[in-house]
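Peer 1: The structure is given below, and queries will be raised subsequently.
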Amino acid sequence: MTDEALFQSRFVADVRRCAAGRAPASVAEIERRVDLALAAPPAERERHWARLVAAVNELLAGMPARFSGPAARLRAFARENADLGRPRDVAITDFRFTTRADGLLTDRRGRRYLTFAPIVPAPPAVTLDEVVPGPTRRLAEWAVYSLCGGAAAGALWFAFIVPV
């Protein structure tokens, strides 16, 4: 008997004992999902196991936690596979850093560390046909900021200083 067949027979037996004849449709559905999960191609396997875990959680939903034996084994199975079907967390291995090796750093104990050169961003594209020259634009910015700052100062003056 293969490991998969042994797992399937024990799992289905635990499900039948937990259901105790009260949910024959759920037991049949869980048996079908076990078959699908064990026979699924690698690309579909995680989705089928997630559906099986959901069905087991649904079966165990009305059962008190104090039951031992089959219910405890099914709860442990659901707890161990609770992450199936959820979006994967972002890990450092999900990123790729394109850098150049800069040098080799050796400490006093002889350990060597590879250092990397910083990535210098490309300089911004220079616009040759500006409509407004740079000094004029800076003067306009200064005037707008001064006007807005003066208006804010006046609003604060009249809101908090001038008695009503």
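The values are calculated or read from the model by the stated rules, or taken from the named source; none is laboratory data. Just so we're clear, the structure is a prediction, and the values are computed from it rather than from any experiment. FYI the Cβ positions are ideal-geometry reconstructions off the backbone, even for glycines, and counts take in every protein chain you see.
Peer 1: Has region 116-136 got any residue that is at pLDDT below 75, in contact with a helix residue (DSSP H, G or I) (Cβ under 9 Å, 6 or more places away or on another chain) and surrounded by 10 or more Cβ atoms within 10 Å (Cβ to Cβ)?
Peer 2: The answer is yes; a qualifying residue exists.
Peer 1: Further question: Which residue, of E58, E4, E44, is free of Cβ contacts under 8 Å to residues at least 24 places away in the same chain, surrounded by 10 or more Cβ atoms within 10 Å (Cβ to Cβ) and charged (D, E, K, R)? Walk me through it before giving the result.
Peer 2: Details: E58 fails: free of Cβ contacts under 8 Å to residues at least 24 places away in the same chain; E4 fails: free of Cβ contacts under 8 Å to residues at least 24 places away in the same chain.
None of the other options fit; the residue is E44.
Peer 1: Continuing with this model, one more query. Which of the residues spanning region 21-74 are touching a helix residue (DSSP H, G or I) at 6+ places or on another chain (Cβ under 6 Å), under 17 Å from S9 (Cα atoms) and basic (K, R)?
Peer 2: Hits for region 21-74 are R33, R73.
Peer 1: Separate question: Residues in region 7-50 that are within 31 Å of the chain's Cα centre (by Cα) and basic (K, R): how many?
Peer 2: Number of matching residues: 4.
Peer 1: Same structure, new question: Taking the options A40, A71, name whichever one is under 30 Å from D3 (Cα atoms) and touching a His at 6+ places or on another chain (Cβ under 7 Å).
Peer 2: Just a single option satisfies the conditions, and that option is A40.
Peer 1: Cβ-Cβ under 9 Å, sequence separation 6+ or interchain: first residue in region 148-161 and of a type in the set (F, W, Y), partner assigned to a helix (DSSP H, G or I). Which pairs?
Peer 2: Filtered contacts from region 148-161: no entries.
Peer 1: Name the one entry in R22, R33, R17, R47 that is part of a helix (DSSP H, G or I), over 22 Å from D83 (Cβ atoms) and out of contact with any strand residue (DSSP E or B) (no Cβ under 8 Å at 6 or more places or on another chain).
Peer 2: R17
Peer 1: Let me confirm something: among A101, A65, A91, which residue is under 30 Å from T115 (Cα atoms) and modelled with pLDDT under 75?
Peer 2: Checking each option against the conditions leaves just A91.
Peer 1: List the residue pairs whose Cβ atoms are under 8 Å apart, where the first residue sits in region 19-33 and is of a type outside the set (A, V, I, L, M, F, W, C), the second is surrounded by 10 or more Cβ atoms within 10 Å (Cβ to Cβ) and at pLDDT below 80, and the two are 6 or more positions apart or on different chains.
Peer 2: Partner pairs satisfying both residue conditions: S26/A19.
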